[in-house]
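Accompanying notes for the structure given below.
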Amino acid sequence: MKVQFVDEYEKNVDSKYEICLAVAKRARELGDYLSAQRNMERVNIIKPLVDIDSLDPLEIAFQELKEEKIAFEIKKEEEK
């Protein structure tokens, strides 16, 4: 994978921490999707949203974030 700089992603996400969370969560989903696809199973997971030659879930997730195909939003707890 070509080395990516965090600055490329900060327009989509507020902090480096959020980048890590967003990409890790999406990469986990993609890993499950790719595994199910290899085993010819049906899953309810959105397939990769970008055209990329790699089958590495982390690389796909970074590309989706870079192309603004995925977003990350923190839900705030309601006060009681």
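The numbers here are math on the coordinates, done by the rules we state, and not lab data. Fair warning: this is a prediction, and the values are worked out from it, not measured in the lab. Every residue, glycine as well, gets a Cβ built from its backbone with ideal geometry; the counts of neighbours run over all protein chains shown.
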field: Pairwise label distance in nanometres, Asp51 with Glu18, each label 7 Å out on the Cα-Cβ vector
entry: 3.0 nm
- prompt: Each label point is 7 Å from the Cα along the Cα-to-Cβ direction; what then is the distance between the points at Asp32 and Asn44, in nm?
  reply: 1.1 nm
- request: May I ask you to order 38-51, 21-34, 57-70 by the average number of other C-beta atoms within 10 Å around their residues, highest value first?
  value: 57-70, 21-34, 38-51
task: Using the Cα centre as the reference, give the magnitude of the dipole from point charges on the C-beta atoms of the stretch 12-66 (Lys, Arg: +1; Asp, Glu: -1; all else neutral), rounded to the nearest 20 debye.
output: 140 debye
message: Rounded, prolate or oblate for the stretch 12-66? Axes are the square roots of the Cα gyration tensor eigenvalues, ordered a ≥ b ≥ c, and the cut-off for rounded is a/c under 1.5.
response: prolate
